[in-house]
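Asker: This is the structure I have questions about; it appears just below.
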Amino acid sequence: MHRFVTRTLAMVAALSTTLLLSQGSTVAAPLPKPAAGAAAVSGAGQQLAASWTGPLSTRGRYIVDANGNRFKLASGNWEGAQGTWLGSGAVDDPANNAHGEPSYSLPLGLDRASMAQILAGFHSLGINSIRLPFSNALIHDTTPVPDAAVTANPQLRGDTPLQVYDAVVAALTAEGFAVILNNHTTTARWCCGLDGNERWNSGQSTAQWESDWLFMVNRYRSDKRVVGVDLRNEVRRDTWDDPNWGWGDSHDENAAFEEAGKQILQADPDLLIIMEGINWQGIPLNGLPHGRPMLTPVQNLSNTLIESDKLVYSEHFYAYTGPANSGASSGLGVTSDPRYEDFTPAQLAQAVSQEALFVTQSGQHFTAPVWVSEFGAAGRSESDPKEQAWFDAFTDILAANDTDFAIWPLVGWTQNGVPLDNWALLDYDSSGNQLSINDPGDWRAADWNKLINAPGLTGPVPLSARWNMLNLDHADYDTSAQMLALPDWDSGGRKGACPDSERLAGLGRSDSRGLCTDSGEPAKTGAPYLAVTDERYVTEGDWASGYNKLQCPDDYFAVGYSVRGNAMSTLLCAPASTALPTGGRDVWFDHGDNRPSSGGSSASDWAPGYYKGQCADNEYLAGVAYTWRWNDGGVPDALLCRPLS
């Protein structure tokens with residue numbers, strides 16, 4: 001969410017009037033422009049490039065580089081390519097653009113300073129990565145940008161917005177910056193109210209959104225300093241409907257992000273998949289349900305990707321909003337809910353933990369890095385004591401928790417020495433002169449430098465066990481790249497398979513959810529998985545007398561399952577490369593949870609409201625028992641858990 005409060009006032013006013021915006025031209029996107037002579041990499045760029053190696057991945061709550069060293073995203077947002085037009089009037093009239101800064105769908109500042117100047121400014125801030133927004137409309141726009149939009153970068157004249165975006169990506173990565181592509185908007189209109197950009201499928205189909213993402217992924221695939229994709233900015237309510245997390249319909253953000261992440265990783269398994277939570281639900285009026293769920297739904301329904309070390313969650317925080325406050329300052333949309341700036345430092349820390357940073361708890365099904373990919377405050381010439389106190393407290397929280405971050409925004413304009421957007425960290429006048437947050441007169445400098453220089457984990461990050469959930473509530477949840485490449489292994493059933501790096505560790509009773517882990521993972525032979533549909537492999541005694549059983553052969557362990565309704569249908573088994581112990585124990589969960597007391601995602605609920613059975617971390621799941629008697633309906637009642645050694 002960006003500082004432009006009038007957009008929030010429209011949230012309620014537009015409930016009776018929906019503005020529909022088209023995506024723009026549907027012609028083929030332009031090809032990358034042949035590379036011109038590359039500019040020499042600066043000394044700062046050489047130093048940054050030498051400090052890390054792509055691609056990036058995750059280990060527990062941390063992002064690491066290709067050598068397993070911590071890579072903390074100390075980032076900024078270079079906005080503009082998502083569009084700054086406010087929705088009416090001429091798009092090139094400053095009065096019709098946010099902060100009076102027409103971007104022409106380009107990263108801001110290219111008309112005022114050379115890319116080399118701008119990137120030198122980024123280095124001076126101490127950041128190592130850039131969140132680079134774009135709109136879906138940009139991909140399909142084949143109109144050359146106006147010469148006036150690239151005055152300070154004449155080599156870009158005649159380029160399309162996408163070709164300029166190409167040049168910016170190339171310049172950033174050459175200077176050693178990690179780049180995260182961010183699908184910010186559908187149209188080239190300023191975000192984030194009722195503006196036609198509310199969801200990934202606002203103004204476009206989900207299929208088109210996925211197709212555009214695959215286009216962008218393939219376009220930059222060879223550049224391993226393009227490290228991640230931020231799937232969609234600030235998913236929120238449109239005029240009539242809320243987004244949701246797990247309902248299985250066309251507004252289900254959890255399902256849409258899961259599917260997009262799977263497709264992207266099949267195209268490029270090196271990318272981080274970054275998922276924001278739900279930014280807003282409900283109508284911001286006292287007496288009506290409304291609020292900002294953020295990442296809270298992840299506690300009970302997280303995501304599992306086919307590459308389990310690629311998931312990063314993300315969230316945004318601004319002083320003038322709150323857990324249930326839209327940010328409106330007057331008129332429609334104003335409620336009595338507190339804003340973050342109204343909280344004490346302790347209350348703010350508690351809210352940030354509950355809404356986002358809880359995800360960084362170790363050893364849970366939701367454990368992942370959290371990137372606060374937008375926060376900021378009005379700096380120079382502003383003297384709001386509540387916002388200043390909030391910014392100081394919030395940067396303290398980020399520093400104390402060693403949290404990955406990206407400030408909003410990096411670049412703005414000055415006019416007669418005054419910033420048009422005093423939230424920007426670097427402002428440029430029409431002659432290219434730079435005004436920095438670190439120049440005298442910007443109260444934010446102390447807090448910014450406190451954050452940039454805060455101590456944190458560096459160096460190698462140890463490998464740690466993972467737990468990930470499978471969600472068969474509404475559809476297949478197959479996160480095995482091996483199985484996705486094969487024909488349907490249980491036609492008509494809902495199928496769940498763990499990532500190929502993990503095995504099945506637990507099942508929920510009557511809700512078809514499962515838990516995967518790589519804790520003590522046995523090595524696999526590489527041979528095909530086996531789908532077991534009967535009791536032929538129950539060869540060492542009846543471990544659940546009177547119950548139907550699905551059991552893996554000896555030296556196989558369970559990696560997935562399928563259901564019909566909620567009844568067991570198939571157990572998917574993988575062959576181990578060495579002999580596995582037999583014997584084991586029964587884990588019954590027909591009358592209550594039966595889970596390890598420690599380890600094994602014990603502090604999280606991956607099947608809320610249902611009994612769960614789970615093997616210990618040093619065991620493998622070898623069988624499942626179920627019955628149709630006593631009106632049990634064929635749901636799992638017991639697991640056969642065998643020791644790993």
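The values are calculated or read from the model by the stated rules, or taken from the named source; none is laboratory data. Here the structure is a predicted model, which is why all the values come from computation and not from measurement. Cβ: placed from backbone, ideal geometry, glycine included. Neighbour counts: every protein chain shown. When the accessible area is computed, the model is the full protein with side chains, heavy atoms only, and any ligands, DNA or RNA have been set aside. Shrake-Rupley method; radii C 1.70, N 1.55, O 1.52, S 1.80 Å.
Asker: Ranked from highest to lowest mean number of other Cβ atoms within 10 Å per residue, what is the order of the peptides 636-644, 424-432? Mind showing how you got there, number by number?
Answerer: Numbers: 636-644: 23.6, 424-432: 21.2.
Those peptides, ordered most packed to least, come out 636-644, 424-432.
Asker: Can you give me the accessible area per residue for the chain, using a 1.4 Å probe, in Å²?
Answerer: On the way: 22470 Å² over 645 residues.
Spelled out: the 1.4 Å probe surface of the chain, per residue, equals 35 Å².
Asker: Dimensions of the chain along principal axes (Cα, Å, largest first)?
Answerer: 86, 58, 49
Asker: Follow-up. Once you list every other residue whose beta carbon is under 12 Å from the beta carbon of Arg380, what net charge do they have if Lys and Arg are +1 and Asp and Glu are -1?
Answerer: On the way: positive: Arg444; negative: Glu382, Asp421, Asp427, Asp439, Asp442.
Cβ neighbours under 12 Å give a net charge of -4.
Asker: Can you give the Kirkwood hydrodynamic radius for the stretch 212-283, in Å, rounded to one decimal and based on Cα pairs?
Answerer: In the stretch 212-283 this quantity evaluates to 13.2 Å.
Asker: Distance from the Cα centre of the stretch 614-641 to that of the stretch 508-562, in angstrom?
Answerer: 9
Asker: Sticking with this structure for a sec: Between the stretch 421-500 and the stretch 568-593, what's the alpha-carbon centroid distance in Å?
Answerer: Distance between centres, Cα-based: 34 Å.
Asker: Take the Cα radius of gyration of the stretch 38-166 and divide it by 2.2 N^0.38 Å, with N its residue count; two decimals is plenty. Mind showing how you got there, number by number?
Answerer: Numbers: Rg = 16.9 Å, N = 129, 2.2 N^0.38 = 13.9 Å.
Against the compact-globule rule of thumb, the ratio is 1.21.
Asker: Based on Cβ point charges of +1 for Lys and Arg and -1 for Asp and Glu, what charge dipole magnitude is obtained for the chain about its Cα centre, in debye rounded to the nearest 20? Walk me through the numbers on the way to the answer.
Answerer: Details: 42 positive and 74 negative charges, 109 e Å.
It comes to approximately 520 debye.
Asker: Antiparallel versus total DSSP beta bridges in the chain: what percent is that, nearest 5? Don't skip to the answer; put the middle values down first.
Answerer: Numbers: 58 of 98 bridges.
The answer is about 60 percent antiparallel.
Asker: Limiting things to C-alpha atoms, what are the Rg and the maximum Cα-Cα separation (Dmax) for the stretch 191-326, in angstroms?
Answerer: 15.3, 52
Asker: Please state the shape class of the stretch 305-393: rounded when a/c is under 1.5, otherwise prolate if a/b exceeds b/c and oblate if not, all from the C-alpha gyration tensor. Don't jump to the answer; show the numbers that get you there.
Answerer: On the way: a/c = 2.21, a/b = 2.01, b/c = 1.10.
Cα axes put the stretch 305-393 in the prolate bin.
Asker: Going by amide H atoms built from the backbone, whose H comes under 5 Å of the H on Tyr537, apart from near neighbours?
Answerer: Gln551
Asker: After finding the eigenvalues of the alpha carbon gyration tensor for the stretch 340-441, what semi-axes result from the square roots of 5 times each, listed largest first in whole Å? List each step's numbers first, then the result.
Answerer: On the way: eigenvalues 201, 53, 16 Å².
Equivalent ellipsoid of the stretch 340-441: 32, 16, 9 Å, largest first.
Asker: Along the principal axes of its C-alpha atoms, what lengths does the stretch 370-503 span, in descending order and rounded to whole Å?
Answerer: Reported extents, whole Å, longest axis first: 68, 33, 29.
Asker: Something else about it: For a 22 Å ceiling on Cα separation, which of these pairs sit above it: Lys72/Lys310; Lys224/Lys450; Lys33/Lys72; Lys72/Lys262; Lys310/Lys612; Lys495/Lys549?
Answerer: Working: Lys72/Lys310 15 Å; Lys224/Lys450 30 Å; Lys33/Lys72 32 Å; Lys72/Lys262 24 Å; Lys310/Lys612 27 Å; Lys495/Lys549 18 Å.
Flagged as over cut-off: Lys224/Lys450; Lys33/Lys72; Lys72/Lys262; Lys310/Lys612.
Asker: Right, something else. Share of the stretch 506-645's accessible area from carbon and sulfur, percent, 1.4 Å? Please report the intermediate quantities before stating the final value.
Answerer: Numbers: 2510 of 5370 Å².
Here it works out to 47 percent.
Asker: Once amide H atoms are built 1.01 Å from N in the peptide plane, which residues 5 or more positions from Thr53, or in another chain, come under 5 Å H to H?
Answerer: Those lying under 5 Å, H to H, from Thr53 are Ala66, Asn67.
Asker: Which net charge results when you count Lys and Arg as +1 and Asp and Glu as -1 among the other residues whose beta-carbon is under 15 Å from that of Gln46?
Answerer: So the surrounding residues net to 0.
Asker: Follow-up. For the stretch 550-645, what class follows from the C-alpha gyration tensor (a ≥ b ≥ c being the square roots of its eigenvalues): rounded when a/c is under 1.5, otherwise prolate if a/b is larger than b/c, else oblate?
Answerer: Values: a/c = 1.89, a/b = 1.23, b/c = 1.54.
Oblate is the answer for the stretch 550-645, as a/c is 1.5 or above yet b/c matches or exceeds a/b.
Asker: If one computes the Cα centroid of the stretch 193-270 and of the stretch 333-357, what distance in Å separates the two points?
Answerer: 28
Asker: A follow-up question, please. Excluding Ala399 itself, what net charge comes from residues whose Cβ is under 13 Å from its Cβ, given Lys and Arg +1 and Asp and Glu -1?
Answerer: Working: positive: Lys72, Lys450; negative: Asp392, Asp396, Asp402, Asp404, Asp447.
Cβ neighbours under 13 Å give a net charge of -3.
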